[in-house]
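First the structure, in the form of structure tokens, and then the observations on it.
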Amino acid sequence: MYSGAPEGRAVKVSVIIPTYNERDNLAELFERIDGALKGYNYEIIVVDDDSPDGTWEFAESLAEKYPVKVIRRTEKKGLSSAVIRGFREAAGDIFVVMDADLQHPPEVIPELLNAIEKGADVAIASRYVPGGGVKNWYWYRRLISKGAIMIGRLALPKIRDVKDPVSGFFALRREVLEGIELNPIGFKILMEILIKGRYREVREVPFTFGLRHAGESKLGTKTMVNYLKHVYRLMRWEGELDRLIKFTLVGLSGVVVNEGFLWAFVNFLGWDKILANIPATELAILNNFTWNDLWTFRDLKRKPLWRRLATFHVAALTGALVQWVIYAGLVYLGMNYLVANLIGIVVSFIVRFIVNRHVTWG
């Protein structure tokens, strides 16, 4: 067995690597990790899902040369659950999570550790900060990646400032995970940690996402569906789904207010039907703002009342403009005007919720 752990550094690093059919990558991966972590007290934890190519067995054979611990799972499968198992088995003070396919260059690990040593609780190897990037991705792969990140950042405001919350290459202090239960779907475990973890500071370190050396890519339709399920579950956990439901109910009350006052202005006061719509709409906006301020976003009153009210009006105007543009465009393309209007309403609603959640009460 390996017995070459260095003396000096009190902090121990656990490098957690979930694997499935990665045998052909391990020799180079371990050599590069060892080179990158010279002077560190570290361990490599391989959590293998009973790979048909014998990844677990080959990893065990490398334990004579490197500080490797191998966990072979024959029942429960999946990347995120493998990482969680690695967390449980790790002896380190700092955990590093990375893939075995060499798309995550081990030479970046010291930069992640340096960010931790300088005060960060979580350090992310990021493709989307200055200096980061990807190699030879097709346009649709880039689009899927950016789209997934946009969805996550909009649906989960806690991570809106993180440029690459779906990275599979990151480091964190052990304390970040203490007392929390992780239950992610798919393999975007970092997002779960960023939502549930105990931390104060996140730093992103640029890296270039490399080319896969061997094995198969994990990206597929099932992966994308699982990602959306994961975001949905985190929205529920964070209370963002409840907030969306409240916003919807307030919006429906605004429809009642708008219609009621419009009817009263026309039938009781005899106002012009076109002009009467203006004060009726404004009263509906004030109704919606009041209930959202007192109920939907009552815990997020960080800005002065006048600024919240002004921004809410801007959101309403933006939503109305989006609705009209979509309606006009779809009608021009030949869609039934009622269907086009319904689509416009739905998109407008989403836009208004996002603007209000991230700006008015952001």
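Where a number appears in this text, it was derived from the coordinates with a stated rule and is not lab data. Since this is a predicted model, take the numbers as computed values, not measurements. Please note: Cβ atoms are built from the backbone with ideal geometry, for glycine as well, and neighbour counts cover all protein chains shown.
Rounded to whole Å, the principal axis extents of the Cα atoms in the chain read 92, 45, 39, largest first. If only the Cβ of Lys and Arg carry +1 and only the Cβ of Asp and Glu carry -1, the dipole of the chain around its Cα centre is close to 1220 debye.
For the range 270-291 versus the range 56-123, the inter-centroid distance based on Cα atoms is 59 Å. Checking every one of the trypsin sites (Lys or Arg not before Pro) in the range 290-362 against DSSP loop status and a limit of 15 other Cβ atoms within 10 Å picks out Arg298, Lys301, Arg302. Across the options Pro105, Ala148, Pro165, the greatest Cα extent toward the positive end of the charge dipole of the range 94-222 (unit charges at beta carbon of Lys, Arg, Asp, Glu) belongs to Ala148.
Specify the residue with the greatest mean-square fluctuation among Leu300, Leu37, Leu154, computed from a Gaussian network of the chain linking alpha-carbon atoms under 10 Å apart. Maximum among the listed residues: Leu300. Per-residue 3J(HN,Hα) values for the range 72-85, derived from phi via the Karplus relation 6.51 cos²θ - 1.76 cosθ + 1.60 with θ = phi - 60°, read 9, 9, 10, 10, 5, 10, x, 5, 5, 5, 5, 5, 4, 4 Hz in sequence order (x marks Gly and Pro). Anisotropy class assigned to the range 236-362 is oblate, per the alpha carbon gyration tensor with a/c at or over the 1.5 cut-off and a/b no larger than b/c.
If you run the Gaussian network model on the chain, springs between alpha carbon atoms under 10 Å, then out of Trp137, Trp306, Trp291 the most flexible one is Trp306.
Computed on the chain, with alpha-carbon pairs under 8 angstrom and 6+ residues apart, the relative contact order is 14 percent.
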